[in-house]
Amino acid sequence: MSEIIGMVGMSHSPFATLLPPSGPEQPGWRFMADTRRVAEAVAALAPDALVVIGPDHFHANFYDAMPPFILGVEQAEGFGDFGSKAGPLPVASALAWSVRDALADDGFDLTLSYALTVDHGIVQSYDMIRGDAELPLVPLVVNTAAPPLPSMPRCVQLGRSLGAAIRGSAYAGRVLLVASGGLSHWLPSNDPRDPRIAADRREAVIRGRQDTRAFAAAREPRVLAMAGNPDAPVNAGWDTWFLDQLRTGDLGPVTDLGDKGLEERAGTGGHEIRTWLIALAALGRPLVWTGYEPVPEWITGMGVGTTFEVS
């Protein structure tokens with residue numbers, strides 16, 4: 001049977017790879033230093049596989065068919081957006097299949113992928129956590145960008161079932177949970193029902209699958225133009241409250257916010273904290289160590305948390 005040895009939650013941002021800090025005076029230096037410390041702690045834990053829970057940013061999933069949850073079971077490939085790793089990723093297929101079957105038995109009909117494309121929402125945290133180790137992963141993509149979203153209570157339920165599925169798996173290995181996303185950041189609307197969304201943008205989020213590379217090429221300059229603004233909105237107060245709440249292990253005050261309350265406090269990008277809720281519920285233990293840096297130049301509050309000590 002599998003053993004879950006811990007959980008890491010980590011923010012991601014395109015600018016962590018595109019605009020890496022060159023010194024301690026640069027935005028993001030503290031966050032990147034924290035992630036290196038976490039990677040060293042993970043290496044000491046010696047996991048055999050990672051279950052990486054993260055979003056897609058309209059690189060693989062579009063409104064022609066938008067699933068709430070997708071599980072990769074055989075092959076996974078990095079899209080290579082914003083400087084993240086492109087190409088094949090090793091998948092812990094036996095663990096993935098046992099998770100799929102157990103979740104189905106527990107009432108979760110996840111979308112299944114034999115050939116899953118993942119973007120920086122999965123790949124960036126996976127690479128930061130694994131360091132130089134060639135660790136297989138089970139990728140679980142959660143829709144956090146395309147309303148209507150899976151509710152936060154439903155994500156907590158999925159997390160509890162995921163934890164039981166991993167522990168009951170015949171895969172004999174040490175499994176680390178990795179949650180990728182958040183914290184507070186404000187992004188343009190992706191909702192086709194929103195009258196403010198431009199016609200070409202609306203068409204792209206619905207039919208972007210017809211030419212994903214062209215859609216990404218058109219979108220990335222708009223994202224890059226958002227970088228470097230020291231006045232970009234980041235809610236550091238809410239971010240630290242969220243991390244403190246996960247230190248208690250009580251997810252109720254977070255899920256009680258509802259989508260509207262969460263978005264008011266953490267922005268549209270704040271919906272990515274669903275990945276943290278899933279992972280923490282799967283483990284069933286609170287965070288014991290956290291690090292945080294508000295990085296408006298990266299348009300994001302950059303947080304990291306673990307359920308094990310980091311030196």
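Enumerate the helices (runs of 4 or more DSSP H) found wholly within the stretch 223-311, keeping only those where 1 or more residues are polar (S, T, N, Q) and farther than 15 Å from VAL8 by Cα.
Those helices (runs of 4 or more DSSP H) span 236-248, 252-255.
Inspect the stretch 91-109 for any residue being assigned to a strand (DSSP E or B), within 19 Å of the chain's Cα centre (by Cα), surrounded by fewer than 19 Cβ atoms within 10 Å (Cβ to Cβ) and among the β-branched types (Val, Ile, Thr) and give the result as yes or no.
No; the residues of the stretch 91-109 include none that is assigned to a strand (DSSP E or B), within 19 Å of the chain's Cα centre (by Cα), surrounded by fewer than 19 Cβ atoms within 10 Å (Cβ to Cβ) and among the β-branched types (Val, Ile, Thr).
Quick check: anything in the stretch 272-283 surrounded by fewer than 16 Cβ atoms within 10 Å (Cβ to Cβ) and out of contact with any His (no Cβ under 8 Å at 6 or more places or on another chain)?
So far as the stretch 272-283 goes, no, none of its residues is surrounded by fewer than 16 Cβ atoms within 10 Å (Cβ to Cβ) and out of contact with any His (no Cβ under 8 Å at 6 or more places or on another chain).
For the stretch 1-44, which positions are assigned to a helix (DSSP H, G or I), of a type in the set (A, V, I, L, M, F, W, C) and closer than 25 Å to ILE166 by Cβ?
Passing the criteria: VAL38, ALA39, ALA41, VAL42, ALA43, ALA44.
Look through the stretch 58-77, keep the residues that are of a type in the set (D, E, K, R) and part of a strand (DSSP E or B), and return whichever of them is farthest from the chain's Cα centre (by Cα).
GLU74
If a residue has to be small (Gly, Ala, Ser) and either over 15 Å from PRO67 (Cα atoms) or not in a loop (DSSP other than H, G, I, E, B) (or both) to count, how many in the stretch 147-161 make the cut?
2
Is there a residue in the stretch 184-198 that is aliphatic (A, V, I, L, M), in contact (Cβ under 8 Å) with a residue 60 or more places away in the chain, surrounded by 18 or more Cβ atoms within 10 Å (Cβ to Cβ) and out of contact with any His (no Cβ under 6 Å at 6 or more places or on another chain)?
no
Looking at the stretch 59-90, which of its residues are more than 27 Å from PRO21 (Cα to Cα), surrounded by 22 or more Cβ atoms within 10 Å (Cβ to Cβ) and either among the small types (Gly, Ala, Ser) or touching a Phe, Trp or Tyr at 6+ places or on another chain (Cβ under 8 Å) (or both)?
GLY72, VAL73, ALA76 - these are the residues of the stretch 59-90 that are more than 27 Å from PRO21 (Cα to Cα), surrounded by 22 or more Cβ atoms within 10 Å (Cβ to Cβ) and either among the small types (Gly, Ala, Ser) or touching a Phe, Trp or Tyr at 6+ places or on another chain (Cβ under 8 Å) (or both).
Laboratory data are not the source of any read-out in this text; all were calculated from the coordinates shown. Keep in mind it's a predicted model, so treat the numbers as computed, not measured. Here the Cβ is made from the backbone with ideal geometry for all residues, glycine too, and neighbour counts use every protein chain on show.
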